[in-house]
Amino acid sequence: MAGTFSQIYIQYVFTVKGRENLLQKEWKEKVFKYIAGIIKGKNQKSIIVNGVSDHVHVFVGLKPSMKISDLVRDIKNNSSNFINEQNWIDGHFSWQDGYGAFSYSHKQIENVYKYVLNQETHHQKQTFRDEYLELLRKFEIGYDEKFLFDWL
């Protein structure tokens, strides 16, 4: 076969270190746009980036040459540097170690997009902890709660 053809859709979920509510409404949209720019700069497709004050959902289309772990590493490193350069918070901003990565089919893109888009509304009804545990169960990912978050 002459070419490489793929369809890889990943939703990343990661939190602010210590699950602190540091992503403020006044500037979090700038961070989300910056993250989308990082993804584009890596020649990947940013479908949607959104979140609330303590965590972010990043939905991307990946080329097979990009490792899932490399992209999230670059997103977290570059965006935390960006936040720190802006001096939006007192002290040092960083993302918590680790992340969730969940794969989807092409048919699920619209539903995942809407889910990520509506994070503010969603989290009026469900905590992040419950949301994340639900994702792990839905995708049948085994876990030990003591290794999930810094705050458990």
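The values are calculated or read from the model by the stated rules, or taken from the named source; none is laboratory data. Treat the numbers as computed from the prediction; the structure is a model and nothing was measured. For neighbour counting, all protein chains shown are included, and Cβ atoms are generated from backbone atoms with ideal geometry for every residue, glycine included.
Of note:
- The condition (being at pLDDT below 95, within 30 Å of ASP144 (Cβ to Cβ) and over 14 Å from the mean Cα position of the chain (by Cα)) is satisfied by just one residue among ASN21, ASN111: ASN21.
- Selection within the range 115-130 - without any contact (Cβ under 8 Å) to a residue 12 or more places away in the chain and among the acidic types (Asp, Glu): ASP130
- Of all the residues in the range 19-50, those that are assigned to a strand (DSSP E or B), touching a Gly at 6+ places or on another chain (Cβ under 9 Å) and of a type outside the set (D, E, K, R) number 2.
- Lone unmet requirement of (1) at pLDDT below 95; (2) surrounded by fewer than 18 Cβ atoms within 10 Å (Cβ to Cβ); (3) closer than 29 Å to LYS146 by Cβ for SER103: (1)
- Test: residue in the range 71-85 that is surrounded by fewer than 16 Cβ atoms within 10 Å (Cβ to Cβ), touching a strand residue (DSSP E or B) at 6+ places or on another chain (Cβ under 9 Å), modelled with pLDDT of 95 or more and not in a strand (DSSP E or B): yes
- In the set GLY51, GLY61, GLY3, GLY41, only one residue is among the small types (Gly, Ala, Ser) and buried (at least 20 other Cβ atoms within 10 Å of the Cβ); that residue is GLY51.
- Filtered residues of the range 1-18 (kept if among the small types (Gly, Ala, Ser) and either under 13 Å from the mean Cα position of the chain (by Cα) or not in a helix (DSSP H, G or I) (or both)): ALA2, GLY3, SER6
- Test for LYS67: is it among the basic types (Lys, Arg) and crowded, with 19+ Cβ neighbours inside 10 Å: no
- The numbered conditions (1) in contact with a Lys or Arg (Cβ under 9 Å, 6 or more places away or on another chain); (2) closer than 11 Å to PHE59 by Cβ are all true for ARG129 except (2).
- Answer residue from the range 91-114, given it is without any contact (Cβ under 8 Å) to a residue 24 or more places away in the chain and in a helix (DSSP H, G or I) and is farthest from VAL13 (Cα to Cα) among those: LYS107
- The set of residues in the range 70-90 being of a type outside the set (Val, Ile, Thr) and either in contact (Cβ under 8 Å) with a residue 12 or more places away in the chain or in contact with a helix residue (DSSP H, G or I) (Cβ under 7 Å, 6 or more places away or on another chain) (or both) consists of LEU71, ASP74, LYS76, ASN78, SER79, SER80, PHE82, GLN86, TRP88.
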